[in-house]
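A quick write-up on the structure given underneath.
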Amino acid sequence: MIRHTTFLFVVLAIALSVALFAIKHQVRELEARLVRIDRQIGESQQAIHVLKAEWSHLNEPLRLKDLARRHLGMEPVSVAQMQRLDRLAPRVAEGSATPAPTQQSETRLPRISLPALPAAMVLGEGAR
Amino acid sequence: MIGRLAQPGRPGSTAATQGPAGASGAGRIQLEGIRKQALETGRTRLLVTGAVFAVAFAVVAGRLVEMALFNEDREPRLPRAARSDPAAVGRLDVVDRNGVLMATSLPTAALYANPRQVIDADDYAAKLARVLPGLEHAEAAAKLKGRGSFVWLARNLTPWQQYEVNRLGLPGLAFHRAERRIYPLARIASHAVGLTDVDGRGIAGVERFFDETLRSGEGPIELSLDVRVQAVVHGELTRAVAEYGAIGAAGLVLDVDSGEVLSMVSLPDYDPNAPEALNSEAGFNRVTKGVYEMGSTFKLFTTAMALDSGTVGLQDGYDATHPIRISRFTINDFHGKKRWLSVPEILVYSSNIGAAKMGLDVGTRQQRGYLGRLGLLEPAAIELPEVATPLAPQRWREINTLTIAYGHGLAVTPLQLGSAVGTLVNGGIHRPPTLLKQQSGASAEGRRVISEKTSREMRGLMRLVVRYGTGRRAEAPGYLVGGKTGTADKQGGRGYRRDAAISSFVGAFPIEAPRYVVLVMIDEPKGTKETGNQATGGAVAAPVIARIVRQIGPILDIQPTLPEEMADAEKTRLDLPQFASAGMSLNGSRGQRRVAQ
């Protein structure tokens with residue numbers, strides 16, 4: 001009887017020791033991984049910092065203005081291109097004979113022609 | 001031994017264990033008692049030890065269960081040394097009001113070598129010269145062949161260059177980490193942001209004013225500048241300086257309600273990334289450090305103080321037929337109308353005679369008081385180290401009052417002028433100009449200088465100047481601009497130079513409910529064919545204002561006034577017709593002749 005109990009406890013002790021070492025090993029590995037990831041975070045943050053400076057440099061407004069003019073044919077917006085919603089001509093109702101009077105022709109919008117760009121770029125989607 | 005005693009009569013038992021024969025029975029009981037006691041003690045001790053261990057294991061097991069099941073949120077605390085702290089790069093960033101980086105410190109590497117460990121100096125020099133463009137082959141080879149154990153090869157390597165040098169795999173080379181201050185926007189905001197020297201100390205601009213905060217403070221420093229507006233003003237001023245052959249220019253955009261400076265440009269300027277090319281002329285911030293006699297723009301202040309103090313009303317006026325002669329000075333009009341002019345007409349046609357007489361009526365004491373409250377007699381309290389004190393007369397006599405009324409005799413900085421005009425149009429409250437971003441929406445604290453009514457009248461008058469007067473070329477489609485032109489001859493020797501002037505325009509838009517003050521000052525412009533050989537404020541500065549307003553209006557989210565709404569705005573919100581009754585003809589004709597009072 002005593003022998004059985006002793007045997008059981010010995011087995012339990014061995015099992016617990018094995019489990020203890022296994023857990024300890026796992027914890028060590030996790031700690032090492034944590035330190036490694038921390039270092040990677042630090043390097044990434046530094047890279048982001050450098051990229052932010054480059055982003056700011058590339059976004060310099062006069063440079064963008066020049067690029068937009070050369071490649072997209074864009075000019076600064078003029079007031080003639082703006083209108084307010086409540087001043088737009090009301091939509092013609094279905095089936096009505098006479099269309100609503102249009103806006104005064106003084107506000108002539110300048111002719112704008114969009115260059116032939118792929119749809120993704122016009123909508124602002126796609127890779128930058 | 002105790003066990004042996006249990007078997008009596010065994011041969012070989014020691015004498016000590018044998019008691020007297022008669023006492024063996026009693027000895028057995030006694031020894032059993034002792035044995036039992038010993039057994040008991042032993043068992044007790046075992047039990048106690050066992051219990052202690054059991055409790056200890058129970059505690060460990062309980063803690064294990066607790067940590068595994070109940071503490072899922074708490075992270076184990078690691079020693080601090082294990083975590084790298086990249087945010088501590090050193091000097092803080094400077095950003096604009098929208099978060100665009102204006103100044104930042106980047107980690108760079110400096111390359112050094114140990115000549116003793118160098119294998120083949122020429123080979124190294126050749127390879128390095130290929131990778132690092134600034135490195136000379138001969139110079140590098142000479143350094144690598146030297147005697148010492150340490151020699152610098154190159155500084156400020158970019159991360160890419162560092163990678164390439166590493167890839168060469170040459171022993172004896174090493175990197176030293178350093179920091180370098182970078183200004184991604186280069187020239188655009190050079191005067192406002194400033195400069196640092198080689199040791200990382202701020203030596204100009206915001207970099208110097210906030211040097212301590214940048215070294216050891218919190219968070220990026222948010223400036224009130226808007227990079228987009230700054231770029232527009234910078235571009236237009238550069239174009240104007242080139243077009244009119246000027247020696248310099250200053251531009252300012254101020255928020256009238258908060259005093260925030262949205263744009264501050266001074267030309268000539270420099271690239272803070274290459275400060276070697278900096279000369280004193282380029283480093284001079286004309287907006288805050290240059291003091292100039294601003295000329296006719298001061299008539300705005302004279303008119304405002306005359307109206308506010310009740311000295312004159314809009315219906316009153318002065319006779320501008322003859323020039324004023326005082327001791328050896330003559331005050332005359334430029335293209336004068338030579339008749340009686342009402343108060344609005346004095347401003348619109350920029351009459352020196354009329355303004356001087358009006359200033360005299362206001363009186364020296366009141367004039368000085370108003371100018372002081374407008375912030376024109378003290379240096380502006382802005383967050384820059386380069387701020388000039390205005391030049392005022394030591395003894396303010398009648399002649400000074402006369403000349404200051406039309407803008408000569410008191411030299412102020414463009415920043416003070418812009419801020420004072422902002423006070424005139426925002427309802428009459430003076431707010432100090434600031435370069436730091438303020439809380440949006442909340443109007444800054446200020447002190448009242450003129451009444452709400454006077455401010456409204458001034459807004460209308462400023463609109464008249466642009467609509468009918470000398471500021472016609474400042475009109476921007478869609479945005480009602482109001483302001484005042486100024487052409488001030490520069491001082492030369494004992495008198496004034498005829499060939500050099502400061503041409504300026506200070507205005508606010510949208511004038512019916514002003515949000516921003518825009519100021520442009522061109523230093524020594526020369527007339528061109530387009531301007532009809534004129535180099536006045538109305539000819540060279542006003543068109544720049546129009547171009548600036550047209551571009552920054554959409555950026556600053558200002559709703560444009562549609563053409564069909566303009567007449568209505570002028571009538572109801574600015575009440576321009578009231579000026580018609582004051583003799584100011586609104587259709588450009590010569591106006592009525594009124595009896596002089």
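Bear in mind that the values in this text are calculations on the coordinates, not laboratory data. Please read these numbers as outputs of a predicted model, since none were measured by experiment. With ideal geometry, Cβ positions are generated from the backbone for all residues, glycine too; neighbour counts draw on all protein chains shown.
Brief remarks on what is shown
- Cα convex hull of the range B:160-254, projected area averaged across orientations, nm²: 10.0 nm²
- Acute angle (nearest 10 degrees) that the helix B:227-244 long axis makes with the longest principal axis of chain B, alpha-carbon atoms: 40 degrees
- Under 5 Å, built H, 5+ apart or other chain: amide partners of B:Ala109: B:Asn156, B:Leu157, B:Ala178
- Prolate/oblate/rounded call for chain B, Cα gyration tensor, a/c under 1.5 rounded: prolate
- 0 to 90° range, to nearest 10: angle between helix B:352-362 axis and chain B longest Cα axis: 70 degrees
- For the range B:313-320, putting each phi into the Karplus relation 6.51 cos²θ - 1.76 cosθ + 1.60 with θ = phi - 60° gives couplings of x, 5, 7, 6, x, 9, 7, 10 Hz, in residue order, rounded to whole numbers and with x for Gly and Pro.
- Which of B:Ile382, B:Tyr468, B:Leu410, positive extreme of dipole for the range B:368-515 (C-beta unit charges): B:Tyr468
- Across peptide B:561-570, the average count of Cβ atoms from other chains found within 10 Å of a residue's Cβ is 2.
- Furthest towards positive pole of dipole, B:Val362, B:Val52, B:Gly99, structure part chain B, Cβ charges: B:Val52
- Mean ellipticity per residue at 222 nm, deg cm²/dmol - from DSSP H runs of n ≥ 4 across chain B, formula -39500 (n - 2.57): -11000 deg cm²/dmol
- Cα gyration tensor category, rounded, prolate or oblate, for the range B:204-249 with a/c compared to 1.5: oblate
- The range B:177-230 and the range B:134-158 have Cα centres lying 31 Å from one another.
- Only one residue of B:Gly290, B:Ala274, B:Thr311 has its Cα farthest out toward the positive end of the dipole of the range B:228-313, where Lys and Arg carry +1 and Asp and Glu -1 on Cβ, and that residue is B:Thr311.
- Charged side chains reduced to their Cβ positions (Lys and Arg at +1, Asp and Glu at -1) give chain B a dipole of some 1040 debye around its Cα centre.
- Principal axis box of the range B:314-360, alpha-carbon based, largest edge first, Å: 32, 22, 13
- Sites B:Ala178 and A:Ser17 - FRET efficiency at Förster radius 60 Å, r taken between beta-carbons, to 0.05: 0.70
- Alpha-carbon centroids, the range B:287-346 and the range A:29-53: separation in whole Å: 67 Å
- Simple Cβ-charge dipole of the range B:464-584, Lys/Arg +1 and Asp/Glu -1, about Cα centre, in debye nearest 20: 540 debye
- For the range B:234-332, a simple Cβ point-charge model (Lys and Arg +1, Asp and Glu -1, everything else neutral) yields a dipole of about 520 debye relative to the Cα centre.
- Neighbour-count ranking [beta-carbon atoms within 10 angstrom, fewest first] of A:Leu72, B:Leu480: A:Leu72, B:Leu480
- Put in line by how crowded their Cβ is, counting other Cβ atoms within 10 Å and starting with the fewest, B:Ser327, A:Ser17, B:Ser351, B:Ser309 read B:Ser327, A:Ser17, B:Ser309, B:Ser351.
- Per-residue Cβ neighbour counts within 10 Å put B:Trp340, B:Trp396 in the sequence B:Trp396, B:Trp340, beginning with the fewest.
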